[in-house]
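Here is the structure we will look at.
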Amino acid sequence: MEIRRRPPKPPRPTALAATNGVPHQHQHQHHHHHQQRRNPNEKPSSSSSGGGGPKASDALPLPLYLTNAVFFTLFFSVAYYLLHRWRDKIRTSTPLHVVNLSELAAIVSLIASFIYLLGFFGIDFVQSFISRASHEAWDYQHEEEEEEAEDGHHILMDARGCLPPAKFLDAEPALCSEEDEEIVKAVVNGTVPSYSLESKLGDCKRAALIRREALQRTTGRSLQGLPVEGYDYESILGQCCESPVGYVQVPVGIAGPLLLDGFEYMIPMATTEGCLVASANRGCKAIYLSGGVSSLVYRDGMTRAPVVGFASIKRVGDLLFYLEDPVNFDTLAVVFNRSSRFARLQSINCSPAGNTLHIRFTCSTGDAMGMNMISKGVQNVLDFLQNDFPDMEVIGISGNFCSDKKAAAVNWILGRGKSVMCEAVIKGEVVKEVLKTSVAKLVQLNVNKNLVGSAIAGSLGGYNAHASNIVSAVFLATGQDPAQNVESSHCLTLIKSTNDGEDIQISVTMPCIEVGTVGGGTQLASQSACLNMLGVKGASQGTPGSNARRLATIVAGSVLAGELSLLSAMTAGDLVKSHMKYNRSSKDISNASC
């Protein structure tokens, strides 16, 4: 049960009380009365919130999930048995009220399991509903009483007319019961592991509140300001985040419309960097006025590269030649593809290093980003190879030849995930009127910055202005793995003049955009809403993988818009001016509380 608690009122200085004619003794009595009046608000009594009475889940000395499984199985098993027996009696004209010992035991078991399920699911629900309603009424009544009692007193305000500091206005969420307090103490002293709270309590939000309080007591530091209310913690259990104590708010802006392959997309961007959305939006406008962007997905395959070892390089060679034999590849593809109905093995690339062999598997993964899918397929192949190579040691399921979440030449050359190119021709008048620059300046800056400058820096996949900015923002908004921004931001930006120097042709080549529209963070409510806005939510029913490929082209098209706008701002000398306007606040927020 969730209990709302009013934050405590700030203490009033004695000097203020004396000024208002309130004697010290009366002030003390008023404070004592105020404390007595607030004490009931600390822990309203509730039969459902305590932990002392017997519960339906105490029927068996087993963990809650096992108890539920036993009674569910029992209920449906005996129900099926009785229906089967009664059907036979009807066929043989035997009276239904004539029962043997086994049927009698089945009826008793059916009644017992029904009572348990009703007690566990039905009564608790009714009690919690009634209790919630009563406590909301209780809260409302006592809030009215407190407001009436405070009538005539003034809240201290500072010289700007602001309310007291936030610590008095935004109190930490309250624990619900004495039982919660005992669990907090158990977590603090180490008798109950913090990570096990969800499984022990069966309530993810309650677990987050208890863990949060225990963390504050352990560290001696407040988490006030980190929101905890208003989030669906059930949705992240077992798939997105462990041991949650709250959530971080990242604003989502919209850029667009981006005209891509004849369709318009409004691009969600989650970022805390001022100017970024505005810049991308200007790039989208220039693209729209010039006829749009065209895209091409020229490769689509996720990779995983285990590393195996042998006692000698001869055995390494035996496996290397085995894997490079096309006949054996067909056999391994059958073994690999058993892992999923979407996984399809595309290629195997080997790289030996002494008595070890790094094996890079590439496969299609449908609309999923695919890391789990390909890992399962690789494990199937390794198990199969162990039969013919019993002396093979699997050193690691990943040997970094993949290469995941790291800048690597292998991804830049061979690609990983979706390899995408986007291209647009921007009209000369749009360059002048919207981008506030010239064709010649854009071409010159791109060569000297994105090509020459990146080469001098020894860049790997960084031949662009700020592709990572756009990729990160779209990834966060759509539930992608933000760490895969490392290789997904590999980008080559090219600009050249066309139509006799009147217009520019701009393209981005991004060989390893790693995105998916199912699984992981894409299933969370906020991220799912952003995918839905783009029209790529979930798995494609008609053509598996088409939603993920479309999302990859949207990312690349957004990067092109961002590159176009930033390079234009640099040539026009507007970069610093824009950031000073949009990325720096003139407000003094050091003491702001109103």
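General remarks:
- Restricting attention to the range 235-275, the residues being out of contact with any Leu (no Cβ under 6 Å at 6 or more places or on another chain), hydroxyl-bearing (Ser, Thr, Tyr), within 19 Å of residue 471 (Cα to Cα) and surrounded by 15 or more Cβ atoms within 10 Å (Cβ to Cβ) number 1.
- Members of the range 217-238 found to be of a type in the set (S, T, N, Q) and either touching a Gly at 6+ places or on another chain (Cβ under 7 Å) or without any contact (Cβ under 8 Å) to a residue 60 or more places away in the chain (or both), listed by number: 218, 219, 222, 224
- Enumeration of residues in the range 409-424 that are under 12 Å from residue 489 (Cα atoms), among the hydrophobic types (A, V, I, L, M, F, W, C) and not in a helix (DSSP H, G or I): 420
This table checks each residue for (1) within 30 Å of residue 202 (Cβ to Cβ); (2) open to solvent by 70 Å² or more (accessible area, probe 1.4 Å); (3) at pLDDT below 80; (4) not in a helix (DSSP H, G or I).
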residue: 96; (1), (2), (3), (4): no, yes, yes, yes
residue: 110; (1), (2), (3), (4): yes, no, no, no
residue: 122; (1), (2), (3), (4): yes, no, yes, no
residue: 133; (1), (2), (3), (4): yes, no, yes, no
residue: 158; (1), (2), (3), (4): no, no, yes, yes
residue: 168; (1), (2), (3), (4): no, no, yes, no
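- Considering 379, 386, 346, the condition of being at pLDDT 95 or above, more than 34 Å from the chain's Cα centre (by Cα) and surrounded by fewer than 18 Cβ atoms within 10 Å (Cβ to Cβ) is satisfied by 386 alone.
- Residues in the range 540-594 that are polar (S, T, N, Q) and either modelled with pLDDT of 80 or more or not in a loop (DSSP other than H, G, I, E, B) (or both): 540, 541, 543, 546, 547, 553, 558, 565, 568, 571, 578.
- Checking each residue in the range 503-521 for being crowded, with 24+ Cβ neighbours inside 10 Å, in contact with an Asp or Glu (Cβ under 8 Å, 6 or more places away or on another chain) and in a strand (DSSP E or B) picks out 506, 508, 512.
- Among the residues making up the range 355-376, those that are open to solvent by less than 40 Å² (accessible area, probe 1.4 Å), over 28 Å from residue 314 (Cβ atoms) and not in a loop (DSSP other than H, G, I, E, B) are 363, 364, 368, 371, 373, 374, 375.
- Remark: residue 486 matches the filter, which requires a residue to be surrounded by 15 or more Cβ atoms within 10 Å (Cβ to Cβ), hydrophobic (A, V, I, L, M, F, W, C) and either without any contact (Cβ under 8 Å) to a residue 12 or more places away in the chain or more than 17 Å from residue 562 (Cα to Cα) (or both).
- Matching residues in the range 320-343 - criterion: being buried (at least 16 other Cβ atoms within 10 Å of the Cβ) and either within 30 Å of residue 479 (Cα to Cα) or of a type in the set (Val, Ile, Thr) (or both): 335, 336, 337, 339, 340, 342, 343
The values are calculated or read from the model by the stated rules, or taken from the named source; none is laboratory data. Bear in mind that the values here come from a model prediction, so they are computed numbers and not experimental data. Every residue, glycine as well, gets a Cβ built from its backbone with ideal geometry; the counts of neighbours run over all protein chains shown. Side chains are part of the model used for accessible areas, which takes the heavy atoms of the whole protein and leaves out ligands, DNA and RNA. Shrake-Rupley method; radii C 1.70, N 1.55, O 1.52, S 1.80 Å.
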